[in-house]
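Engineer: Encoded as structure tokens, here's the structure I'll be asking about.
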């Protein structure tokens with residue numbers, strides 16, 4: 001198998017950006033879902049008008065907005081930006097807007113944002129950007145920038161809470177894990193010998209000298225213990241997993257074989273658009289459709305390891321017609337219904353079909369590159385599917 005496509009979504013729920021390569025980080029591809037749109041709900045009190053999070057199922061017109069990334073120059077002289085292109089249906093005028101990739105947040109209004117009971121903060125980008133989006137949508141909209149903030153991971157989606165990964169030491173194969181334990185014992189033994197020798201040396205110099213050394217010895221012991229916990233206590237993933245404006249996890253993986261299975265269900269030679277699944281990684285070459293339901297861990301290019309922790313349940317966003325910004329009235333408007341027939345396979349989401357897997361990064365893979373064409377190997381599987389444990393959450 002291999003990586004066939006990569007995508008990032010700088011502004012949540014707008015069209016994504018295809019990538020040839022990217023560096024993996026614990027919070028997703030660089031710049032992924034660092035912005036989101038919120039609809040202003042009219043109120044007589046203009047100072048406290050509520051904001052509604054915007055998602056494609058409720059606002060299918062978001063699919064008419066396309067994004068592209070201009071990365072900052074290596075020397076820092078040219079800042080990065082997002083080019084947003086609005087392509088309305090019916091041949092209406094195409095409009096574009098440049099949004100700074102890393103805005104200066106000084107002086108921007110701070111917003112409290114709640115996503116699926118996981119709170120965070122963002123910055124109101126201001127009238128220049130809000131007015132442009134509002135004119136395109138035909139109602140008042142705010143664009144928010146995440147900045148340095150983040151959100152906690154929901155339910156049991158993080159690796160340390162996932163049934164597929166609890167108790168698993170993500171330090172490599174069994175020998176590597178054993179070697180880590182041996183190394184920890186060696187470090188602890190050497191630290192103990194060092195402390196003992198220091199204490200004996202202090203005693204030989206006199207009782208008063210030894211007593212004076214006790215605070216130093218205790219500080220040394222504490223430092224050794226803390227360093228051991230930091231080095232060996234992580235188990236291969238970050239205990240405090242945090243995410244951006246992505247709903248559930250830093251990455252979403254889908255199989256091209258499974259996408260082709262959906263296409264085969266459509267009449268009139270219709271093809272399923274893989275981007276409607278909002279993937280970050282598309283893997284091609286799987287032998288059977290939906291075998292990814294049972295993948296627990298995959299290795300990419302022999303340098304990066306990804307932890308698959310939960311199924312992605314699906315909603316009406318699959319039925320959106322990207323040409324009109326509305327729900328499709330044709331064959332592509334039946335995708336969700338077709339999947340309902342045999343893909344309601346998650347006991348935790350009995351009324352929703354499953355397609356794709358949520359993914360977290362094994363911590364030692366931080367910063368490693370992934371490229372289209374990289375080999376993909378399933379390094380561990382589960383006998384049973386994961387169980388979705390956050391009702392009401394959608395992609």
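Engineer: Would you calculate the separation in nanometres between label points at residue 368 and residue 68, each defined as 7 Å from the Cα along the Cα-to-beta-carbon direction?
Structural biologist: 3.3
Engineer: I've got another one for you. For each of 46, 12, count neighbouring Cβ atoms within 10 Å of the residue's Cβ, then give the residues from fewest to most.
Structural biologist: On the way: 46 8, 12 24.
The most exposed by this proxy come first: 46, 12.
Engineer: Determine, for each peptide in 255-265, 336-346, the mean count of other beta carbons within 10 angstrom over its residues, then list the peptides with the highest first. All intermediate terms of the calculation are to be shown ahead of the outcome.
Structural biologist: Numbers: 255-265: 18.6, 336-346: 15.1.
Going from most to least packed, we get 255-265, 336-346.
Engineer: For a protection proxy built on the mean count of beta-carbon atoms within 10 angstrom, sort 37-45, 154-162 highest first, please.
Structural biologist: On the way: 37-45: 13.7, 154-162: 22.2.
Peptide ranking by packing, descending: 154-162, 37-45.
Engineer: Please sort 370-381, 310-321, 139-150 by packing, taking for each peptide the average over its residues of neighbouring beta carbons within 10 angstrom, highest first. Can you show the working numbers first?
Structural biologist: Working: 370-381: 16.2, 310-321: 22.5, 139-150: 18.8.
Peptide ranking by packing, descending: 310-321, 139-150, 370-381.
Quick note: the coordinates plus some simple rules give every number you see, no bench work behind them. Owing to the predicted nature of the structure, the values given are computational and were not obtained by experimental measurement. Note that each Cβ is placed from the backbone with ideal geometry, even for glycine, and that neighbours are counted across all protein chains shown.
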